[in-house]
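Accompanying notes for the structure given below.
The values are calculated or read from the model by the stated rules, or taken from the named source; none is laboratory data. Fair warning: this is a prediction, and the values are worked out from it, not measured in the lab. Methodologically, a virtual Cβ is constructed for each residue, glycine included, from the backbone with ideal geometry; neighbour enumeration extends over all protein chains shown. In case anyone asks, the SASA skips ligands and DNA or RNA and just uses the protein heavy atoms, side chains included. Shrake-Rupley method; radii C 1.70, N 1.55, O 1.52, S 1.80 Å.
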Amino acid sequence: MAARANWKGFLRLSLVTCPVALYPATSESEKISFNQLNRQTGHRIKYVKVDADTGEEVPNEDIVKGYALDKETFIEVSKEELEELALESTRTIDIDEFVEKSEIDPRYLIRPYYLRPDGKVGHDAFAVIRETIRDMNKVAIGRVVLTNREHIIALEPLDKGLVGTLLRYPYEVRSEDEYFDEIQDVKVTKDMLDLAKHIVNQKSGRFEPDKFEDQYETALIDLINQKRAGKPITPRERPGGENVVDLMEALRRSVGGTAAETKAQQKSSKKPRKASAGQKEMLMPIAGKKQAKETAAKKPSTKSQRKSA
């Protein structure tokens, strides 16, 4: 089932307008998440909103937003007042300009969304806007209001739809000067550069996300499965860094090591990677929480017990 739309409104290019819906293109819900527990009882921790002075719990309907002038003085702003700002981008993504994709600094990228027509009307207008962006090989820049904030959004075609990437404003991006000023000016010799380029050439390939495995997630699955089975937990060795004394020698050794690694990867890529028996049980519910709920619903309910590992 597709996720619910985060935003619905209109996409407009000059006088061409169509109703559209904006959906999140990424998800964190499949990753392992933890609850906070009371170590003494094993019960979950519950958070309540309390008045900082009286200590009494405050119901949601009595909570308003406030801008702090100082530690004791706040300007209250209601939900209705925020809605009355009524920016045009609250309901319309108006394409302001078209730019080259290479001109967008990666630091300005926030997160991607899928944009598609909303309902049965407007598909023709949507297709005109999409194909115009595609044929011009440009990125369309507009604005949209999400979670009471106006964002810049960059639109580009993807298959039959559009991908909209939220962008940061300049005041949200820190200057690199405060971090890079103290980096020493070092002259890299041609020999060093040639060896380094050789390593890059040996490691060059196409970006294929399916090749990458979330090793930390896999380690979490292994940890949980071991605790579930009551097995002792053995700490893993932490990788240690080495001080490079002779840079040229390190580069030469890297060239040899990279060649051997490339050959090993070519051999292993011919065989499908097998998941360990311990992972199989955990990976099924992680692949989709809905599937995990359906599986749990078929099993007879049993009273959960807290076990110490």
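Quick one: count up the residues across the range 210-237 that are within 15 Å of SER33 (Cα to Cα) and part of a loop (DSSP other than H, G, I, E, B).
Quick first cut of the range 210-237, residues within 15 Å of SER33 (Cα to Cα) only: 214, 216-225.
From what is left, the residues that are part of a loop (DSSP other than H, G, I, E, B) are 214.
Of the residues in the range 210-237, 1 are within 15 Å of SER33 (Cα to Cα) and part of a loop (DSSP other than H, G, I, E, B).
What's the total number of residues in the range 22-62 that are within 30 Å of VAL163 (Cα to Cα), open to solvent by less than 100 Å² (accessible area, probe 1.4 Å) and in a loop (DSSP other than H, G, I, E, B)?
Matching residues across the range 22-62 total 8.
Would you tally the residues in the range 95-108 being among the aromatic types (Phe, Trp, Tyr) and in a helix (DSSP H, G or I)?
Number of matching residues: 1.
Can you tell me which residues in the range 141-184 are small (Gly, Ala, Ser), in a strand (DSSP E or B) and under 17 Å from ASP105 (Cα atoms)?
GLY142, ALA154, GLY164
Here's a check for you: in the range 110-128, which residue that is outside any strand (DSSP E or B) and not hydrophobic (A, V, I, L, M, F, W, C) is surrounded by the fewest Cβ atoms within 10 Å (Cβ to Cβ)?
Here the residue is LYS120.
Pick from the range 55-106 the residues that are in contact with an Asp or Glu (Cβ under 9 Å, 6 or more places away or on another chain) and modelled with pLDDT of 90 or more: which of them is nearest to SER14 (Cα to Cα)?
Among them, the one singled out is ASP94.
Any residue at all in the range 172-194 that's in contact with an Asp or Glu (Cβ under 6 Å, 6 or more places away or on another chain) and not β-branched (Val, Ile, Thr)?
Checked against the condition, which is being in contact with an Asp or Glu (Cβ under 6 Å, 6 or more places away or on another chain) and not β-branched (Val, Ile, Thr), the range 172-194 yields no hits at all.
Just the residues that are over 28 Å from the mean Cα position of the chain (by Cα) and either on the phi > 0 side of the Ramachandran plot or outside any helix (DSSP H, G or I) (or both), please, taken from the range 70-94.
Across the range 70-94, the qualifying residues are ASP70, LYS71, GLU72, THR73, PHE74, ILE75, GLU76, VAL77, SER78, GLU84, LEU85, ALA86.
Scan the range 164-199 residue by residue and report those that are surrounded by 10 or more Cβ atoms within 10 Å (Cβ to Cβ) and of a type in the set (A, V, I, L, M, F, W, C).
Within the range 164-199, LEU166, LEU167, VAL173, MET192, LEU193, LEU195, ALA196, ILE199 meet the criteria.
Checking the structure you have, find out if any residue of the range 199-209 is more than 21 Å from SER29 (Cβ to Cβ), among the basic types (Lys, Arg), at pLDDT below 85 and not in a loop (DSSP other than H, G, I, E, B).
Yes; the residues of the range 199-209 include at least one that is more than 21 Å from SER29 (Cβ to Cβ), among the basic types (Lys, Arg), at pLDDT below 85 and not in a loop (DSSP other than H, G, I, E, B).
Yes or no: the range 9-19 includes at least one residue that is modelled with pLDDT under 95, in a loop (DSSP other than H, G, I, E, B) and either of a type in the set (Phe, Trp, Tyr) or in contact with a Pro (Cβ under 8 Å, 6 or more places away or on another chain) (or both).
Within the range 9-19 (the criterion being modelled with pLDDT under 95, in a loop (DSSP other than H, G, I, E, B) and either of a type in the set (Phe, Trp, Tyr) or in contact with a Pro (Cβ under 8 Å, 6 or more places away or on another chain) (or both)), the answer is no, since none of the residues qualifies.
Determine if the range 129-142 includes at least one residue that is farther than 24 Å from LEU11 by Cα and surrounded by 10 or more Cβ atoms within 10 Å (Cβ to Cβ).
no
Yes or no: LEU13 in contact with a strand residue (DSSP E or B) (Cβ under 7 Å, 6 or more places away or on another chain), in contact (Cβ under 8 Å) with a residue 60 or more places away in the chain, open to solvent by less than 100 Å² (accessible area, probe 1.4 Å) and farther than 30 Å from GLN215 by Cβ?
No, not satisfied.
Considering only residues that are surrounded by 10 or more Cβ atoms within 10 Å (Cβ to Cβ) and acidic (Asp, Glu), which ones fall in the range 76-101?
GLU81, GLU83, GLU88, ASP94, ASP96
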